[in-house]
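S.K.: Submitted below is the structure of interest, expressed as structure tokens.
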Amino acid sequence: MRMKGFITFEGGECSGKTTIIKELAKEFEKKGIDFITTREPGGIKISEEIRNIILDVNNTMMAPEVEALLYAASRMQHLKERVIPAVNEGKIILCDRYLDSSLAYQGYARGLGMDAVLKANSFALDYLPDLTIYIDVEPKVALKRMENLDRLGKKDRLDSEGIKFHEMVYKGYQEVIKMYPDRIMVVDGNQSLSDVIYDVKKIINDYLEGMNGR
């Protein structure tokens, strides 16, 4: 089931999702649109605590299966406590990552398989986003951007993975796009940030106009 007003943003590391969501939030505030911004893993206390475990650079021994299950647990709590109530109140939800991330990262890049990840997230399958925007950034471009995080000491456990892992994540997203072509819109993230934001805003505005016309 797809939830009206639930919009998710996907992409590899350093694809610019967080900045884009901040820009959209500014525009929504100006237009008086009732919305919330949130993220996965995280968004609420329990899920943020799970996030800290997942991304801790010291947790190098974490098994892929455990990683996938932690994401699924964080996701369900986040849905129940934050996303579903906001949908029921008629708000627009701008969410940084969701189920598609697990499919690309754990299902494909970690080699667990898409079906295994979908089974682990079976409860969440009843709450799919109505629109997903995928920011398409080539892994080599993303890793160059990631060098700034390294200098600032802000790299997390997934940021620290090698180029081969991020290339697998990129391929994983291409498979996910094939799985859900009716809700995933692709934006070229290799262009300038201002152009990316322009393209995203156009997609969002078209979506909101269509949603209001339903």
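All of the numbers you see were taken from the coordinates with simple rules; none came from a lab. In this text, all values refer to a predicted model and were calculated from it rather than measured experimentally. Heads up, the Cβs are rebuilt from the backbone with ideal geometry, glycines too, and the neighbour counts pull from every protein chain shown.
S.K.: Using a Förster distance of 25 Å, how high is the FRET efficiency between Ile44 and Lys22, based on the Cβ-Cβ distance and rounded to 0.05? Display every interim value, and only then the final one.
M.R.: Details: r = 19 Å, r/R0 = 0.77.
E between Ile44 and Lys22, to the nearest 0.05, is 0.80.
S.K.: Using the structure shown, select from Lys4/Lys26; Lys140/Lys178; Lys45/Lys171; Lys4/Lys30; Lys17/Lys144; Lys91/Lys201 the pairs with a Cα to Cα distance greater than 26 angstrom.
M.R.: Working: Lys4/Lys26 21 Å; Lys140/Lys178 23 Å; Lys45/Lys171 32 Å; Lys4/Lys30 22 Å; Lys17/Lys144 16 Å; Lys91/Lys201 18 Å.
Long pairs (Cα-Cα over 26 Å): Lys45/Lys171.
S.K.: Gln191's amide H: which non-local residues (gap 5+, or another chain) put their own amide H closer than 5 Å, with H modeled 1.01 Å from N in plane and none for Pro or chain starts?
M.R.: Long-range HN contacts for Gln191: none found.
S.K.: Also, I was wondering about something else. Per residue of segment 107-123, in order, report the coupling 6.51 cos²θ - 1.76 cosθ + 1.60 (Karplus, θ = phi - 60°) as ³J(HN,Hα) in whole Hz, putting x for Gly and Pro.
M.R.: Computed from phi, the couplings for segment 107-123 are x, 9, 5, 7, x, 6, x, 4, 4, 5, 5, 5, 5, 5, 10, 4, 5 Hz.
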